[in-house]
Amino acid sequence: MTVSPAQRLRSLDVLRGFDMFWIIGGDYLLSTLTKPYKTGLINAVAAQFTDHVEWEGFRYYDMIFPLFLFIIGAVLPFSLERRLESGETKKSIVLKVVKRTGILILLGLIYSGMLHFEGWDHLRLFGVLQRQAFGYFCASMFVIYTKPKTQVISVVGILLGYWALMALAPVPGFPRGTFTPEGNFANYIDRLVLLPKQMYETYGDPEGPISMIPAIATALLGVLSGHWLKSEQPEKRKTLGLLACGVVLVALGLAWSPFFPIIKKIWTSSYVLVAGGASMMLLGSFHWVVDVKGWYRWALPFTIIGMNPILIYMLSEIVDFGKIGSYFLGGLTQFAPSYGEISIAFGSLLAKLLLLYFLYRQKVFFRV
């Protein structure tokens, strides 16, 4: 379908594209570029953008997922409230939200291999798009039916409630409050309700049902940031407010981590605070540079990614862009064999960007 993008903050599209850049090949390109260098500093910096921590801890790569969910939330005060202000009924808006949620879940199941027809017991039911859909739905209901004050209270309640659940709920064979892969309550429930081949890991699923609960708070932090950007405050104050609040959230998350560790795979409350705080700081920075100062030409690659994020996410799984890159650039490896992997990584990413640029120029934007 072809539609014109709604009036929006340009920074949200740029930040979304910056986030997606690492998912669609930026991580692989950086990994190949830094592979020949063995210094600890270069490897440490590259790891921030190319690898998740194994279990406990935090890198930039661990915030790519929550940052996207945060941005989904940040858009809602602009999109949903505009519809409410135009006179559209809440019932009509909710039906559209339900429809979009269902499509996202379906796309998530397709991404997980539903069309391979390997059997129900081999289909991963929970995944990235499913969690995005759940967070989008819950955050939308909050925007439609509640005020920002209620949303703030809800974030606090969700994070404290999840902590209490994970600390107090019993897991057979483990002391209460165990946060190991096998001993935590979220993964225990995964093993109870999911079949082995329906989980991403043998001990549980990182997008399983219990850890969906704190993901709502991630989306709501985005919603609150969107409210702040939509307010009548001076632009400088908006930026400083996001940066300051982001610092406070990160500090709170780090202070909480000795009691409730920062663990992406079970979306702990401390992880929500650190990732949410970092997301706020990124949004504040991008807002100041792109929206306030008007410096956005440098961000065209991120803009074209951010305007078609679901499309390129799905196509990256379906289409072998690596083969396309190899077809056009593979011959260069004859002259510089040591740069073969780099040329393939670059070619794959370039093919995706050229496709997205073509769609952008044609004003073709795929919306769920």
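Coordinate-derived values only; no laboratory data. Note that the structure is a prediction, hence the values are computed from the model and not measured. Glycine gets a Cβ as well: all are built from the backbone with ideal geometry, and neighbour counts include every protein chain shown.
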Pairs of Cα atoms farther than 25 Å apart, the range 1-128, % | 48
Which of Y271, Y327 comes first, and how do the rest follow, when ranked by fewest Cβ neighbours within 10 Å?
-> Y327, Y271
Using the Karplus curve 6.51 cos²θ - 1.76 cosθ + 1.60 with θ = phi - 60°, work out ³J(HN,Hα) for each residue of the range 309-321 in order, rounded to whole Hz, and write x for Gly and Pro.
-> x, 5, 4, 6, 5, 5, 5, 5, 8, 8, 9, 8, 5
HN-Hα couplings for the range 102-108 via Karplus (6.51, -1.76, 1.60; θ = phi - 60°), in whole Hz with x for Gly/Pro, come out as x, 5, 4, 5, 4, 4, x
Loop-resident trypsin sites (Lys or Arg not before Pro) in the range 293-331 with no more than 10 other Cβ atoms inside 10 Å, DSSP not H/G/I/E/B, are K293
Set of lysines near K293 by C-alpha distance (under 22 Å), chain-local residues within fewer than 8 positions excluded | K230, K236, K238
Counting helices only, and only those DSSP H runs with n ≥ 4, report the 222 nm mean residue ellipticity of the chain as the sum of -39,500 (n - 2.57) divided by its residues, in deg cm²/dmol to the nearest 500.
-> -20500 deg cm²/dmol
Roughly speaking, what is the centre-to-centre gap between the range 128-165 and the range 240-289 when only Cα atoms are used, to the nearest Å?
-> 16
Of A275, A139, A345, which has the largest mean-square fluctuation in a 10 Å C-alpha GNM of the chain?
-> A345
Charge dipole of the range 39-147 about the Cα centre (unit charges at C-beta), most positive-ward option of L129, F142, Q48 = F142
Cα-Cα separations in the range 174-237 greater than 19 Å, expressed as whole percent = 50
Treating the beta-carbon of each Lys and Arg as +1 and of each Asp and Glu as -1, no other charges, what is the dipole magnitude of the range 10-361 about its Cα centre, to the nearest 20 debye?
-> 1020
Rh by Kirkwood over Cα pairs, then Stokes-Einstein D for the range 55-161 at 1.567 mPa s and 4 °C, µm²/s = 82
Can you give me the relative contact order of the chain as a percent, contacts being Cα pairs under 8 Å and 6 or more apart?
-> 26
So what are the radius of gyration and Dmax for the Cα set of the range 240-287, in Å?
-> 10.7, 34
D (Stokes-Einstein, µm²/s), Kirkwood Cα radius, the range 10-361, 0.890 mPa s at 25 °C = 114
In whole Hz, the Karplus estimates of ³J(HN,Hα) for the range 186-193 (6.51, -1.76, 1.60; θ = phi - 60°; x where Gly or Pro) are 4, 6, 4, 5, 4, 5, 6, 9
Find how much the distance from E182 to E317 grows on full extension, using 0.36 nm per residue of separation minus their present alpha carbon separation; answer in nm with one decimal.
-> 45.6 nm
Here the gain from full extension of Y327 to E232, 0.36 nm per residue of separation minus their alpha-carbon distance, amounts to 29.0 nm
